[in-house]
Amino acid sequence: MTISRRQFFEWLTVGGGGLLAGSSTKAENIMENFAEPALSQKMGVGTHLGNLHAFVQKQADRSPLELSFLHPEFRDLKKWQPRARAKVFEHLFYTPPPIAPQPQLIKRTDRGDYIEEYLTFQTTPDQRIPAYVLIPKNVRLPAPGIVVHHSHDGRYLWGKEKVVEVDNEHPVLTEFKQWRYGGKSIAAELARQGYVVIAIDMLFWGERRMLLDDDPPVYRERPLSMTEEQINAFNQRASQYEYLVGRSLMVGGVTWPGVTMWDDIRTLDYLASRPEVDRRRLGCVGLSVGGYRSYMLAVLDERIKATVNVGWMTSFASQIKAHIVHSTSLSFNMVGLYRYMDFPDLAALIAPRAALIINGSQDHLFSPEGVKAAFDKIGRLYAKAGAADRQRCSLYDTPHEFNLEMQAEAWKWLKQWV
């Protein structure tokens, strides 16, 4: 099978597959840093599971999806939602005790159009996490609030920095934003539009990245002098450890999605507590794992009035044949939930609130059939909920990205519903 340089890179910089992120412009770096070459050789085969595919696929295909709102016995959305939402929480296998955020402001910077606060706050008794809060100037406060979730992309060195403006930005990060976000720092773009914005690091990214005892200073300090080769080496190491972290959390009795979603819920708690924020007008947006998180935050928390999920929608069963390696790791997997609901079924937990789903037809993370099935199901779910006009599923002829055209649609959507 012949593939383009960009296609090959798309396969390597997957949203959770434990593969490698190299340079978007240097194919030789990709080949040198590829963590699992055996998997790359399987890209053109019919199934990655060989003779085991039939068994695994049958298990998924036999799932009754017994809590799908499309089943005829479910007629009342408001009665169905508490039961279905409780099932999702159950499968996160994580319920941290509540704690006050206890924010600690570290730095306040005037960025011209907005004020940037760099701070930390508690999400659980065990975690104090870093965040940026962007407060718009020249707008009446309190203003609507937006949670912006950064992408996965196999780039672990930075998290929230992917979506905010930073001083002395590393050229590799600048190139990354150009490639994935049309050159924009989307949190800053939203602040300029009048939203109070918050962005945190997901566990394992940015300031919450995994560091080992014998790591060199460059891994710890992320200096501007850090070379592209050093950045790629760190990302390669992190990609190889992602499954270890996920398995370790499971051995500890919790799941990675559980940790992530509770961090995000507590982040929304903190954002809503800010005096600059109108807590009646809250939304969220993200790309890749950020799209997954934005979708799930709206699923789990009814305070979200509108969500934008870019680059993470599919029917799970369609992924099994040849797309699990690209998209579904322990950082995404809610163990056993597919027995009750498919991923698009969760949209009924957002309805009748607004949901915009954006995918790219050239996004190799997802089975085209799975994306089509998911879009169709979301439409039917919202129609049954009597809120057909509050969902939109948009397919662009693009790879895995959040380009300027997509951003224009997303910002219009948030303005309409938040």
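Listed values, structure above:
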{"quantity": "Selection status of Val163, touching a Gly at 6+ places or on another chain (Cβ under 9 Å), modelled with pLDDT of 95 or more, under 18 Å from Leu414 (Cβ atoms) and surrounded by 18 or more Cβ atoms within 10 Å (Cβ to Cβ)", "calculated": "yes"}
{"quantity": "Of all residues in the stretch 390-407 being assigned to a helix (DSSP H, G or I) and not basic (Lys, Arg), the one that is surrounded by the most Cβ atoms within 10 Å (Cβ to Cβ)", "calculated": "Met406"}
{"quantity": "Residues satisfying the stated conditions in the stretch 144-187, i.e. farther than 24 Å from Pro399 by Cβ and in contact (Cβ under 8 Å) with a residue 60 or more places away in the chain", "calculated": "Pro144, Gly145, Ile146, Val147"}
{"quantity": "Scan of the stretch 51-98 for residues that are surrounded by fewer than 16 Cβ atoms within 10 Å (Cβ to Cβ), outside any helix (DSSP H, G or I) and without any contact (Cβ under 8 Å) to a residue 60 or more places away in the chain, ordered by number", "calculated": "Arg62, His71, Pro72, Glu73, Arg75, Asp76, Pro97, Pro98"}
{"quantity": "Residue in the stretch 373-383 that is under 17 Å from the mean Cα position of the chain (by Cα), among the aromatic types (Phe, Trp, Tyr) and within 24 Å of Gln416 (Cβ to Cβ) present", "calculated": "no"}
{"quantity": "Residue count for the stretch 259-286, restricted to those that are farther than 28 Å from Tyr181 by Cβ and either touching a His at 6+ places or on another chain (Cβ under 9 Å) or among the hydroxyl-bearing types (Ser, Thr, Tyr) (or both)", "calculated": "1"}
{"quantity": "Residues satisfying the stated conditions in the stretch 213-231, i.e. closer than 13 Å to Leu157 by Cβ, acidic (Asp, Glu) and exposed (fewer than 15 other Cβ atoms within 10 Å of the Cβ)", "calculated": "Asp215, Glu221, Glu229"}
{"quantity": "Verdict on Phe366 being modelled with pLDDT of 95 or more, among the hydrophobic types (A, V, I, L, M, F, W, C) and crowded, with 21+ Cβ neighbours inside 10 Å", "calculated": "no"}
{"quantity": "Filtered residues of the stretch 274-301 (kept if under 8 Å from the mean Cα position of the chain (by Cα) and aliphatic (A, V, I, L, M))", "calculated": "Leu287, Val289"}
{"quantity": "Qualifying positions in the stretch 338-373 - within 16 Å of Asp61 (Cβ to Cβ) and among the aliphatic types (A, V, I, L, M)", "calculated": "Met341, Ala373"}
{"quantity": "Single match in Asp278, Asp269 (criterion: in a helix (DSSP H, G or I), surrounded by fewer than 22 Cβ atoms within 10 Å (Cβ to Cβ) and either of a type in the set (Phe, Trp, Tyr) or modelled with pLDDT of 95 or more (or both))", "calculated": "Asp269"}
{"quantity": "Residue in the stretch 123-142 that is of a type outside the set (Asp, Glu), touching a Lys or Arg at 6+ places or on another chain (Cβ under 9 Å), under 23 Å from Tyr295 (Cα atoms) and at pLDDT below 95 present", "calculated": "no"}
{"quantity": "Restricting the stretch 178-207 to residues that are within 29 Å of Pro142 (Cβ to Cβ) and charged (D, E, K, R), the residue that is surrounded by the fewest Cβ atoms within 10 Å (Cβ to Cβ)", "calculated": "Glu207"}
{"quantity": "Flag for Ala354 being among the small types (Gly, Ala, Ser), in contact (Cβ under 8 Å) with a residue 40 or more places away in the chain, closer than 17 Å to Ala298 by Cα and out of contact with any Pro (no Cβ under 8 Å at 6 or more places or on another chain)", "calculated": "yes"}
{"quantity": "Residue in the stretch 302-338 that is nearest to the chain's Cα centre (by Cα), counting only those that are in a strand (DSSP E or B) and polar (S, T, N, Q)", "calculated": "Asn309"}
{"quantity": "Tally, over the stretch 121-142, of residues that are surrounded by 20 or more Cβ atoms within 10 Å (Cβ to Cβ) and either acidic (Asp, Glu) or under 19 Å from Arg303 (Cβ atoms) (or both)", "calculated": "4"}
{"quantity": "Residues of the stretch 330-341 satisfying the condition of being under 19 Å from Ser288 (Cα atoms), surrounded by fewer than 23 Cβ atoms within 10 Å (Cβ to Cβ) and not hydrophobic (A, V, I, L, M, F, W, C)", "calculated": "Asn333"}
{"quantity": "Residue match in the stretch 228-249 (condition: over 16 Å from Phe93 (Cα atoms) and assigned to a loop (DSSP other than H, G, I, E, B))", "calculated": "no"}
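Here is a yes/no grid of residues against (1) farther than 23 Å from Arg279 by Cβ; (2) hydrophobic (A, V, I, L, M, F, W, C):
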{"site": "Phe89", "(1), (2)": "no, yes"}
{"site": "Arg108", "(1), (2)": "no, no"}
{"site": "Gly112", "(1), (2)": "yes, no"}
{"site": "Ile115", "(1), (2)": "no, yes"}
{"site": "Asp126", "(1), (2)": "yes, no"}
{"site": "Tyr132", "(1), (2)": "no, no"}
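The values are calculated or read from the model by the stated rules, or taken from the named source; none is laboratory data. Because the structure is predicted, anything quoted here is derived from the model rather than measured. Quick reminder, even Gly has a Cβ in these numbers, built from the backbone with ideal geometry, and neighbours come from all protein chains shown.
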